[in-house]
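Participant: My questions all concern the structure below.
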Amino acid sequence: MAADEAGSARDEVVHRSLPLPARLTRRVYIPVWGRLRIVYLGRVADDALSLKEAAERVGITAATLKRWSDSGVIPKVGRTGWTPAAVSHARIAARLRERGHSLKQIRIAAAQGRLAYGYIEDLFPVDAERTPLKKVAEEIGLEAMLVERIWLSIGLPAEELERMTKEDVQALRYLSVVLESGFPLVAFLQLTRVYGQALAQIADAEVRLFHLYVHEPLMRQGIPGLQIAEEMEHLARDLLPLASPIMDYVHQRFLQHFVEQDMVGHMESDLDEVGSEAELGRIRVAIAFADLAGYTRFTEEEGEAEALSFVERFVEAVTETLPDDARIIKTIGDEVMIVGSDPAALTDWAVGFQRLWTERPTARIGIHTGVALYRDGDYYGRDVNLASRVVARSRGREVLVTDAVSDAIGRSGHLTFEEIGEVKMKGFDTPTALRRALQRD
């Protein structure tokens with residue numbers, strides 16, 4: 001195979017699920033993992049529909065559909081009939097017409113390939129049968145109000161409660177089994193919220209990244225809208241079935257990790273201080289906040305794209321170097337919140353990270369240890385707020401800790417602490433004693 005503009009011969013990858021017809025209409029390139037993936041367009045679908053069948057699926061008359069096709073509102077269909085991608089385009093065009101968009105606007109969008117996401121409807125089951133909330137509750141053996149709480153905790157739309165699909169009912173049946181097993185309701189609702197938020201973020205990322213790195217490159221190469229839709233449909237059909245097993249694998253790996261960490265935490269926690277008499281859900285943790293000094297000015301000088309790329313490198317460096325018992329809970333702009341069980345390990349990491357991170361803007365880190373309220377996958381409370389204030393007092397390349405951290409660590413063979421004194425923190429009445437953590441010479 002000869003090398004071409006895609007790179008060396010070994011870089012050329014043919015999309016095998018898209019058989020090449022006798023007449024290749026076009027070859028385009030999509031960047032994948034830093035290389036250009038070759039995609040051949042021009043395939044005619046085997047499951048094409050007649051004009052009448054397509055019109056019935058769209059919900060308009062055959063005459064209207066033909067008029068839209070003849071005028072270019074719908075990309076030109078194949079000689080054998082209407083492909084699923086073309087029908088999806090027509091369905092979206094009908095919706096846009098209902099929302100007041102002109103045929104000219106739709107025609108331009110279709111020609112540019114901006115409506116190519118219509119393919120997605122054909123990748124998911126279409127369930128004509130809908131079941132109201134009361135009947136679903138009776139079927140799964142839960143009160144309607146509880147079903148509604150579960151549904152909304154996941155983050156699903158309230159208007160769908162009275163017209164649930166078979167898949168919705170089956171999922172709720174699974175959830176009801178979890179409750180029947182004796183799992184506490186308060187914990188169950190928190191878990192469903194975490195599931196909903198995490199999976200919504202995953203789905204949003206999948207769509208946005210697919211758009212940025214597949215859809216946009218095809219549009220920029222001037223590929224006709226219908227061909228873009230067909231290629232995207234084939235890519236999605238190949239990739240979508242892989243999502244669930246990949247997520248299941250990653251979940252199992254992390255579940256094993258955190259089960260082990262929880263067992264270690266039980267052995268090392270101060271049960272007398274945070275035990276049965278304390279409020280349920282309160283956990284003793286070490287909390288660190290890390291951000292970039294002068295990030296706002298850096299953004300103004302270098303631009304948003306460069307600043308975002310810098311933050312990504314920063315978060316990646318933090319993630320790759322954290323101790324086993326710590327993890328990033330969330331990121332807010334250039335700031336990351338880290339929670340671990342061992343203040344000594346977290347402080348040791350912070351001091352080491354400052355020696356490793358030599359880029360500008362420089363990093364600043366603040367650490368506190370105390371008791372936090374765990375809720376919905378996040379941590380709340382006075383001690384979390386205090387940790388966030390500590391980092392605000394820190395300068396670039398500096399690690400500041402509270403006296404609670406230095407006291408918990410005690411005498412260290414490789415860490416030393418410099419007294420800074422008591423500092424008034426915003427929102428706190430009592431000054432907080434701070435110390436600078438350093439590598440012992």
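Participant: Kindly indicate the residue of region 113-127 that is assigned to a helix (DSSP H, G or I) and surrounded by 16 or more Cβ atoms within 10 Å (Cβ to Cβ) and also modelled with the highest pLDDT among those meeting that condition.
Facilitator: For region 113-127, the residue satisfying everything is 116.
Participant: Here are some conditions: (1) in contact with a Gly (Cβ under 8 Å, 6 or more places away or on another chain); (2) farther than 29 Å from residue 297 by Cα. Residue 363 meets all but one. Which one does it not meet?
Facilitator: Residue 363 satisfies all of (1) in contact with a Gly (Cβ under 8 Å, 6 or more places away or on another chain); (2) farther than 29 Å from residue 297 by Cα except (2).
Participant: Can you tell me which residue is surrounded by the fewest Cβ atoms within 10 Å (Cβ to Cβ) among those in region 299-318 that are within 23 Å of residue 356 (Cα to Cα) and of a type in the set (A, V, I, L, M)?
Facilitator: Restricting to residues being within 23 Å of residue 356 (Cα to Cα) and of a type in the set (A, V, I, L, M), the top hit is 308.
Participant: Now for a separate question. Tally the residues that are touching a residue at least 60 places away in the same chain (Cβ under 8 Å) and charged (D, E, K, R), restricting the search to region 361-388.
Facilitator: So the count comes out to 4.
The values are calculated or read from the model by the stated rules, or taken from the named source; none is laboratory data. Remember, predicted model here, so these are calculated numbers, not experimental data. Glycine gets a Cβ as well: all are built from the backbone with ideal geometry, and neighbour counts include every protein chain shown.
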